[in-house]
Amino acid sequence: MSSSIRLIKVGKTESYLLEKLEKGPIHITLLDPESISIDRAIEIARIVESSGSSAIMVGGSTVSSQNEMDEFIATLKKNINIPVIIFPNNVQALSKHADAVWYMSLLNSVEWYYIIGAQMQAAPFIKKHQIEAIPLAYIVFRGDTAVSAIGRVLPIPDNHPEVAVAYALAAQYLGFRFLYLEGGSGASEPVPPKIIKAVKSSISIPLIVGGGVRTVEQAQKVLESGADIIVTGTIAEEDPEKLKRLIAKVNSYRVC
Ligand code: 1GP
């Protein structure tokens, strides 16, 4: 008797990221449709693509219109070749035009909704439009960013890396395929190096670090602490020239 159970295949965008990661760390650029115009987004996306950023993430803590996301992502897709991945704050951030969606759970939220509620509501749309869903565990640090307030996060102490490590291990044991340590967009500092180091040495799934990375030196520290993927958003909007140097630094850690 043949079984109806099929092995879940890794999708095209996830395979692309994993293949890239075999040669070292990568950079991903975050664009927030709430804070920049589509024309500006195209301009930035072209710059970062030609500078070696590996993908574009689209999202922001206050995205509230699916029409806006659709238009933003469809237009971006016409102008660049690197994948566009949705970084959703909520169900309305989904778009069938994207290459993939980070199918993420905010593990240290006190709200059922951000751990599994929004994901449950989004699942039928994702199935209907065959959007590639990449399972991502999301852990948010600090209390002074929009994502920590909206996501109602439980604090994770900077000086007790074992707490972050325990969350990271739980994420891996639950089967998440990527882990994101989020400092929060516009945070005054990135996630502390000792947290990144402790987490990296405890897990084997790819580690994403973002939030508050604004300088080449900060990016270097984050990479040397063990991040596999660095995400930057604010600096892309404020200073694309500086971002080019940051991307070059990330790519200098890659084997050719
Ligand atoms: C936020 O990690 C990203 O989700 C990017 O943060 O805007 O501080 O680069 P920045």
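Subtract the Cα-Cα distance of Ala170 and Asp158 from 0.36 nm times their separation in residues, and report this length gain in nm to one decimal.
Working: separation 12, 0.36 × 12 = 4.32 nm, distance 1.86 nm.
That pair, Ala170 and Asp158, stretches by 2.5 nm at full extension.
What is the distance, in nm, between label points placed 7 Å from the Cα along the Cα-to-Cβ direction at Ser65 and at Glu111?
Distance between label points: 2.2 nm.
Of Leu179, Pro190, Leu31, which is farthest along the charge dipole of the stretch 23-251 in the positive direction, counting Lys and Arg as +1 and Asp and Glu as -1 at C-beta?
Farthest along the dipole direction, towards plus: Leu179.
Keeping all protein chains in place and using 1.4 angstrom, which order do Tyr173, Tyr180 fall into by accessible surface area, from largest down?
Numbers: Tyr173 175, Tyr180 5 Å².
Largest accessible area first, the residues go Tyr173, Tyr180.
So how compact is the stretch 23-251: Cα radius of gyration and Dmax in angstrom?
That works out to 16.3, 45 Å for Rg and Dmax.
For the stretch 81-88, what does the Karplus curve 6.51 cos²θ - 1.76 cosθ + 1.60, with θ = phi - 60°, yield as ³J(HN,Hα) per residue in whole Hz, taken in order and with x for Gly and Pro?
10, 6, x, 10, 10, 6, 10, x
For the stretch 104-148, taking Cα atoms only, what is the radius of gyration to one decimal and the Dmax to the nearest whole Å?
Rg and Dmax of the stretch 104-148, Cα atoms, are 12.2, 37 Å.
Return the calculated 222 nm mean residue ellipticity for the chain, to the nearest 500 deg cm²/dmol, obtained by summing -39500 (n - 2.57) across DSSP H runs with n ≥ 4 and dividing by the residue count. Kindly include the intermediate steps, with their values, before the conclusion.
Numbers: 10 runs with 101 residues, N = 256.
Dividing the helical sum by the residues of the chain leaves -11500 deg cm²/dmol.
At 1.4 Å probe size, what's the solvent-accessible area of Asp70? Round to the nearest 10 Å².
40
Considering only DSSP beta bridges with both partners in the stretch 23-251, what is the antiparallel share in %, to the nearest 5? If you can, show how the numbers build up before the last one.
Working: 1 of 33 bridges.
If we restrict to bridges inside the stretch 23-251, about 5 percent are antiparallel.
Residues of the stretch 122-142 with backbone nitrogen within less than 17 Å of a virtual label 7 Å along the Cα-to-Cβ line of Ala74, please, listed as ranges.
Inside the label zone: 129-131.
What shape does the stretch 53-160 take by its C-alpha gyration tensor, where a ≥ b ≥ c are the square roots of the eigenvalues and a/c under 1.5 counts as rounded, a/b above b/c as prolate, and the rest as oblate? Walk me through the intermediate numbers first.
Numbers: a/c = 2.05, a/b = 1.63, b/c = 1.26.
Here the stretch 53-160 falls in the prolate category.
Work out how much length Ser252 to Ala123 would gain on full extension: take 0.36 nm times their residue separation and subtract the Cα-Cα distance, in nm to one decimal. Present the calculation step by step, with values, prior to reporting the outcome.
Details: separation 129, 0.36 × 129 = 46.44 nm, distance 3.83 nm.
Separation in residues times 0.36 nm, less the Cα-Cα distance, equals 42.6 nm.
Kindly flag which residue pairs out of Lys9/Lys96; Lys194/Lys242; Lys221/Lys242; Lys12/Lys78; Lys78/Lys127 have an alpha-carbon separation exceeding 22 Å in this structure.
From the list (Lys9/Lys96; Lys194/Lys242; Lys221/Lys242; Lys12/Lys78; Lys78/Lys127), the Cα-Cα distance tops 22 Å for Lys194/Lys242; Lys78/Lys127.
Over the stretch 110-246, what lengths in whole Å, largest first, do the semi-axes of the equivalent ellipsoid take, defined as the square roots of 5 times the eigenvalues of the alpha-carbon gyration tensor? Walk me through the intermediate numbers first.
On the way: eigenvalues 117, 72, 48 Å².
Semi-axes from the Cα gyration tensor: 24, 19, 16 Å.
Quick one: what are the phi-derived ³J(HN,Hα) couplings along the stretch 106-118, Karplus 6.51/-1.76/1.60 with θ = phi - 60°, whole Hz, x for glycine and proline?
Whole-Hz 3J(HN,Hα) from phi for the stretch 106-118: 7, 5, 9, 8, 8, 9, 3, 4, 7, 8, 9, x, 5.
The values are calculated or read from the model by the stated rules, or taken from the named source; none is laboratory data. Just so it is clear, the model here is predicted, and its values are computed rather than measured. Reconstructed Cβ throughout: ideal geometry from the backbone, glycine too, with neighbour counts over all protein chains shown. Heads up: the accessible areas ignore ligands, DNA and RNA and are worked out on the full protein's heavy atoms, side chains in. Shrake-Rupley method; radii C 1.70, N 1.55, O 1.52, S 1.80 Å.
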